[in-house]
Amino acid sequence: MIVRPCWVFCLLALGTSLGAAPAPMDLRCEYATDPLGIDLAAPRLSWRVETEEAGAAQTAYRVLVASSLERLSRDEGDLWDSGRVMSPECANVAYAGIPLSSRQACWWKVRAWGEQGNSIGFSAPHSFEMALLRPDDWRADWIGPPPAWPGRTLYFRSAFHLSAAPTRARLYATGLGYYEIFVNGRKQGEAVLDPAHTDVSKRVLYSTYDAKTSLQAGDNVVAAIVGTGWEDTHLLRAQLEIECGDGSKVLVATGKFQELPEWQVATGPILSDSIYGGEFYDARLERKGWDLPGYAPAPGGDRLNQWVKPLVARGPGGRMQAQPLEPIQVMGEISSRRVTEAKPGVYVADFGQNHAGWRRLRVRGPAGTKVILRHAELLNGDGTVDQSNLRIAEATDRYVLNGGGLETWSPRFTYHGYRYVQVEGWPGVPAPDALTAMVIRSAVPERGQFECSDELLNRIHRLVGWTERSNLYGVPTDCPQRDERMGWLNDLGARSEELVYNFEAERFLENFARDITDAQNPATGAITDTAPFEGGREPADPVSVSYLLIPTLLHQHYSDRRVLTDNYEGMRRWVDYLTSRSADGLLPYSYYGDWAPPIGEAVAGSIGSGAVSAKTPGDLVSTAFYFYSAKLMSQIASETGHSGDQAAYSQLADKIRAAFHRAYWHDQIGGYGSGNQACNCLALYMGLVPPELRPRVVASLLRELERTHFHLTTGNLCTKYLLEVLSAEGHLDAALRVATQTSYPSWGYMLDQGATTLWERWEQQTGGGMNSHNHAMLGSIGSWLYRWVAGLALDESPGAARHFVFQPPALAGISQARASLPTLWGVAEIRWRREGQILDVVVRVPWNCTATVRLPGQPPREVASGMHKFDAHLAGP
Ligand code: BGC
């Protein structure tokens, strides 16, 4: 083998110094570090070992879970001692000890054994704490406004006394809609726009806070603000459980309990709040100290300005669930690039980046001055904001100054998708730091990193990243700006793989899979176009394969089997529902199909501002997805031990495949349906083409690409399949040409027109129709960059676990690339560089994992964990 000087590479900082005795680390319970508020009978535990030792893997483990740290330090697992389990599993190992009770504090550690049976040692101790497991653990009732109060933001408070400093305090709380909760004026947790959006008739998510350090001996206050969120109600349910140093126990709970501290409710400075509309805040109505002890409300005022007793209200009916996903948080800030005066007294701030969140303002001026802030993605020709594509979303905040010096304000219960803010009514001229954008989203950590020598591809990767960052709001939303912001299942069919590569979305997506199951029709098994069901139709379009795909991806990336078993019945019933609508293996209903292709390919005047494809028949698309769903169902059945179902769905898939071919194959064109890109790449990607015909279909696809000069004609779904199919069929160069186009329609075209997030349409449009400029569905290219340009993929074959595939390409236009992907076992990484005919490759296989390395022109090789260097001589120019 030729040894070539390798470029300098430094693997990600990995924390453990060489030579230190390795021990399991990064201990997680339900994917979180030391979580409070777990409400599952068998929480899952994960760990990994960081070592430079090549080929290191786990052969056995022992988990200890104890009821106290002392016991754990004596190696006593009084809750669970797994004993020495001969297994390589270190991800999502389910607790199997004595039943855990509500509020139970659990301390745990793990020991692992390596290849030669050598002990890797015990980890440091970690913890998790159980939440409220039984409905009757909730002493608190829902409380809301007195009768005939206007439906507007409410302020709740309860004052109470502690005879000694607390030794332990837990606050369990939620609201309908959004809420924020405070103890002695200190906000609990960092969540905003909490709880995550669910169908509250099925599940209401609550959070657990450690309130100890916010409490004190003597007088205390717990207070909450409840906004509208996704609900029409303004209800609070909160329960603060305190143990004090003198042995006393205090419970503060919403409701009408004679023996408990009382609650009061009032309105306040937030006059209205709406996710789409914005927030109206009158700072003159602030009540100083309302959330602190010693507050004495000013007497008088009208009915609404007084503190009164809240009423006990009927809850929404859903079960209370400890919020299993990361809350929405402020994740960053952007300063305004420039502020221009578009018209006299009308200023427009440009943040340079389309994103989702809100902006903080800093202002001084006379009391009663009203500042209006209009948010938009685009500008009109005169420099004012263009809000026409927001449809009925007003996206406008209003702030009335109290005149007390420097005032700093951000809204609480709305958010906007915007790049520009138009300011009206500002006292004077806004200073450069008057407005700061706050980037907000579910606090899902970013995951993969990608970079290559082609700056256009890097820019596309960033475009995808910013679009996803704007669309993680408790559910994966379609867009953040107009009157929509929903989890569209059709978009997710294409987008979820990219999401899994770019974000640690396992908790987020597992919750979303549950949202889909929650929305399922109990009688028919039909699911809905959006989850929670806020728009679109029931039954969902048959393209809604994301219901099966998301659990499949989570299983591949995180060894998460529970997401498969938890939703198994639902997924099965959905596939059966599709069967009930099918005739001889074909599925004749479709609403969206390969949605929003280039406008010339769509039916003029069709729904979605002309977004229905004219050339990709809906029934063909539906049947292909019906096949895909049956195929995935068979795989899921196999993975979860349902062998009868595995065979049945595999037979169903065979039947659909045959029917598809009979119905849509056209021998004279060597392809399917209309023979356009979408029809052929769909058939190829799904595996619907008989092996002997694949070369002909690929050839048709390539001819079609020649005709369009390597421009795509696909919509939200088939765009993904086009790139994937070309790459898998050995035409990565063609895929690259499509991906790096800069003329319409292409990602490069969007960038050239100034896009900083992905558009909904391939065209640059505005006006009242569907033309979001921050729409995640065309981001499916994001996973293609990892898988095919960098060459880092997971082994997707059934039964494969902890196995990666590294396939650095021999691509004429790209001289180097690198990608890394943190996993539960460590970081998987590839770096390659091409010089002339030599390809230098370095891969890193995480601990306890294996990989197949496919170098161009060489037989595949299997490698164990650790770093590996390869050189390959490339044939040809
Ligand atoms: C959403 C899309 C979705 C479509 C389906 C739209 O309103 O924004 O992302 O694919 O509806 O009809």
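Output yes when any residue across region 262-279 is more than 26 Å from Gly37 (Cβ to Cβ), without any contact (Cβ under 8 Å) to a residue 24 or more places away in the chain and in contact with a Phe, Trp or Tyr (Cβ under 9 Å, 6 or more places away or on another chain), and no when none is.
Checking region 262-279: at least one residue is more than 26 Å from Gly37 (Cβ to Cβ), without any contact (Cβ under 8 Å) to a residue 24 or more places away in the chain and in contact with a Phe, Trp or Tyr (Cβ under 9 Å, 6 or more places away or on another chain).
Okay, residues lined up against (1) assigned to a loop (DSSP other than H, G, I, E, B); (2) of a type outside the set (Val, Ile, Thr); (3) open to solvent by 20 Å² or more (accessible area, probe 1.4 Å):
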{"residue": "Arg485", "(1), (2), (3)": "yes, yes, no"}
{"residue": "Tyr501", "(1), (2), (3)": "no, yes, no"}
{"residue": "Asn511", "(1), (2), (3)": "no, yes, no"}
{"residue": "Ala526", "(1), (2), (3)": "yes, yes, no"}
{"residue": "Pro532", "(1), (2), (3)": "yes, yes, no"}
{"residue": "Arg537", "(1), (2), (3)": "yes, yes, yes"}
{"residue": "Leu553", "(1), (2), (3)": "no, yes, no"}
{"residue": "Val563", "(1), (2), (3)": "no, no, no"}
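In region 324-340, what count of residues is obtained for those that are open to solvent by less than 40 Å² (accessible area, probe 1.4 Å), hydrophobic (A, V, I, L, M, F, W, C) and either in a strand (DSSP E or B) or touching a Cys at 6+ places or on another chain (Cβ under 8 Å) (or both)?
2
Can you tell me which residues in region 854-869 are open to solvent by less than 60 Å² (accessible area, probe 1.4 Å), touching a residue at least 40 places away in the same chain (Cβ under 8 Å) and closer than 15 Å to Pro809 by Cβ?
Of everything in region 854-869, those that are open to solvent by less than 60 Å² (accessible area, probe 1.4 Å), touching a residue at least 40 places away in the same chain (Cβ under 8 Å) and closer than 15 Å to Pro809 by Cβ turn out to be Leu855, Pro856.
Considering only residues of region 565-579 that are touching a residue at least 60 places away in the same chain (Cβ under 8 Å), under 25 Å from Arg657 (Cα atoms) and open to solvent by 40 Å² or more (accessible area, probe 1.4 Å), which is nearest to the ligand (Cβ to nearest atom)?
Looking at the filtered set, the residue picked out is Thr579.
Check Gly493 against each of (1) within 14 Å of the ligand (Cβ to nearest atom); (2) part of a loop (DSSP other than H, G, I, E, B); (3) in contact with a Phe, Trp or Tyr (Cβ under 9 Å, 6 or more places away or on another chain) and name the one condition it does not meet.
In the conditions (1) within 14 Å of the ligand (Cβ to nearest atom); (2) part of a loop (DSSP other than H, G, I, E, B); (3) in contact with a Phe, Trp or Tyr (Cβ under 9 Å, 6 or more places away or on another chain), Gly493 misses (2) alone.
Mind listing just one residue for me: the one in region 523-549 that is among the aliphatic types (A, V, I, L, M) and more than 16 Å from the ligand (Cβ to nearest atom) and, of those, nearest to Arg507 (Cα to Cα)?
Among residues in region 523-549 that are among the aliphatic types (A, V, I, L, M) and more than 16 Å from the ligand (Cβ to nearest atom), the one nearest to Arg507 (Cα to Cα) is Leu548.
Quick one: Ala801 ticks every box in (1) more than 21 Å from Val725 (Cα to Cα); (2) away from the ligand (no atom under 16 Å from the Cβ); (3) surrounded by 23 or more Cβ atoms within 10 Å (Cβ to Cβ); (4) of a type in the set (Gly, Ala, Ser) bar one, so which box is it?
With respect to (1) more than 21 Å from Val725 (Cα to Cα); (2) away from the ligand (no atom under 16 Å from the Cβ); (3) surrounded by 23 or more Cβ atoms within 10 Å (Cβ to Cβ); (4) of a type in the set (Gly, Ala, Ser), Ala801 is out only on (3).
Considering each residue of region 577-601, count those that are over 31 Å from the mean Cα position of the chain (by Cα), within 19 Å of Asp529 (Cα to Cα) and assigned to a helix (DSSP H, G or I), and give that number.
The total comes to 1.
List the number of the failed condition for Ala604; all other conditions in (1) of a type in the set (A, V, I, L, M); (2) in a loop (DSSP other than H, G, I, E, B); (3) within 14 Å of the ligand (Cβ to nearest atom) hold.
With respect to (1) of a type in the set (A, V, I, L, M); (2) in a loop (DSSP other than H, G, I, E, B); (3) within 14 Å of the ligand (Cβ to nearest atom), Ala604 is out only on (3).
Please state which of the following conditions Asp478 fails to meet, knowing it meets all the rest: (1) buried (at least 21 other Cβ atoms within 10 Å of the Cβ); (2) outside any helix (DSSP H, G or I); (3) among the charged types (D, E, K, R); (4) over 12 Å from the mean Cα position of the chain (by Cα).
Every condition holds for Asp478 apart from (4).
Name the residue, out of Ser582, Ser629, Ser622, that is open to solvent by less than 50 Å² (accessible area, probe 1.4 Å), of a type in the set (Gly, Ala, Ser) and within 16 Å of the ligand (Cβ to nearest atom).
One residue alone meets the criteria, Ser622.
Answer yes or no: is there a residue in region 291-299 that is hydrophobic (A, V, I, L, M, F, W, C), open to solvent by less than 50 Å² (accessible area, probe 1.4 Å) and in contact (Cβ under 8 Å) with a residue 40 or more places away in the chain.
No, because not a single residue in region 291-299 is hydrophobic (A, V, I, L, M, F, W, C), open to solvent by less than 50 Å² (accessible area, probe 1.4 Å) and in contact (Cβ under 8 Å) with a residue 40 or more places away in the chain.
Name the residue that is farthest from Leu778 (Cα to Cα), counting only residues in region 585-608 that are open to solvent by 10 Å² or more (accessible area, probe 1.4 Å) and of a type in the set (A, V, I, L, M).
Leu586
Given region 616-686, what helices (runs of 4 or more DSSP H) lie entirely inside it while holding 3 or more residues that are within 23 Å of His709 (Cα to Cα) and not β-branched (Val, Ile, Thr)?
677-686
From the list Asp382, Asp397, which one is among the charged types (D, E, K, R) and not in a loop (DSSP other than H, G, I, E, B)?
Asp397
Could you list, in sequence order, the residues of region 252-283 that are in contact with an Asp or Glu (Cβ under 6 Å, 6 or more places away or on another chain) and open to solvent by 20 Å² or more (accessible area, probe 1.4 Å)?
Within region 252-283, Leu271, Tyr276 qualify.
Could you check region 791-877 for strands (runs of 3 or more DSSP E) lying wholly inside it with 2 or more residues that are more than 28 Å from the chain's Cα centre (by Cα)?
Because the criterion is at least 2 residues that are more than 28 Å from the chain's Cα centre (by Cα), the strands (runs of 3 or more DSSP E) in region 791-877 that meet it are 826-835, 838-845, 850-853, 861-863, 866-873.
Quick one: what pairs do we get from region 592-607, first residue on the phi > 0 side of the Ramachandran plot, second more than 12 Å from the ligand (Cβ to nearest atom) and among the aliphatic types (A, V, I, L, M), C-beta under 8 Å, 6+ apart or different chains?
Gly593/Val621; Ala596/Ala602
Checking the conditions here, which among Asp232, Asp246 is open to solvent by 40 Å² or more (accessible area, probe 1.4 Å), assigned to a loop (DSSP other than H, G, I, E, B), of a type outside the set (A, V, I, L, M) and over 23 Å from Pro411 (Cα atoms)?
Exactly one of Asp232, Asp246 is open to solvent by 40 Å² or more (accessible area, probe 1.4 Å), assigned to a loop (DSSP other than H, G, I, E, B), of a type outside the set (A, V, I, L, M) and over 23 Å from Pro411 (Cα atoms), namely Asp246.
Is there a residue in region 213-228 that is more than 24 Å from Met130 (Cα to Cα) and of a type in the set (Ser, Thr, Tyr)?
Yes, the conditions are met somewhere in region 213-228.
Report yes if Ala776 is within 16 Å of the ligand (Cβ to nearest atom), within 30 Å of Ala91 (Cβ to Cβ) and under 25 Å from the mean Cα position of the chain (by Cα), otherwise no.
When the stated conditions are applied, Ala776 passes them.
The values are calculated or read from the model by the stated rules, or taken from the named source; none is laboratory data. For clarity, every value in this text was computed on a predicted model and none was experimentally measured. For neighbour counting, all protein chains shown are included, and Cβ atoms are generated from backbone atoms with ideal geometry for every residue, glycine included. Heads up: the accessible areas ignore ligands, DNA and RNA and are worked out on the full protein's heavy atoms, side chains in. Shrake-Rupley method; radii C 1.70, N 1.55, O 1.52, S 1.80 Å.
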